[in-house]
Amino acid sequence: MDLNFFKIDGREVLENIKQDQHLRRILVVVLVSSKAKQDVAVSYDLHANFYIVKPLSLGSFRDIVGAIKNI
């Protein structure tokens, strides 16, 4: 998921997922362009499982998606 959705804040979505007893165990990977320490901290405070900064190259992006797929 991204933190900056078009119509809703991703932090709010993450918080709602992790507060729902039926959804809280879903693996959530935050995939963003932000390296800001505050974004990282908030994501983990809201119980994201991973925080990954989007790479600039398509090849690196494919590698990351492939690694996530194998989790």
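Read-outs throughout are calculated quantities, based only on the coordinates presented, and are distinct from any laboratory measurement. Since the model is a prediction, treat every value here as computed from it, not as a measurement. Because the Cβ atoms are built from the backbone with ideal geometry, glycine has one as well, and the counts that use them run over all protein chains shown.
Observations, loosely collected:
- Here S34, S57, S43 are placed in order of increasing Cβ neighbour count within 10 Å, fewest first, which gives S57, S34, S43.
- Whole-Hz Karplus values for the stretch 13-22 come out as 4, 4, 4, 5, 4, 6, 8, 7, 4, 8 Hz, taken residue by residue from phi with 6.51 cos²θ - 1.76 cosθ + 1.60 and θ = phi - 60°; glycine and proline positions read x.
- For the chain, the mean residue ellipticity at 222 nm estimated from helices alone is -13000 deg cm²/dmol, where every DSSP H run of n ≥ 4 contributes -39500 (n - 2.57) and the total is divided by all residues, rounded to the nearest 500.
- Taking only the alpha carbons of the stretch 10-69, we obtain Rg and Dmax values of 12.4, 37 Å in that order.
- Rounded to the nearest 20, the Cβ-based charge dipole of the chain about its Cα centre (Lys and Arg +1, Asp and Glu -1) stands at 200 debye.
- Close amide H partners of S33, meaning residues 5 or more places away or on another chain with modelled amide H under 5 Å apart, are K54.
- Helix 58-69 vs. the chain, principal-axis angle (Cα, 0 to 90°, nearest 10): 40
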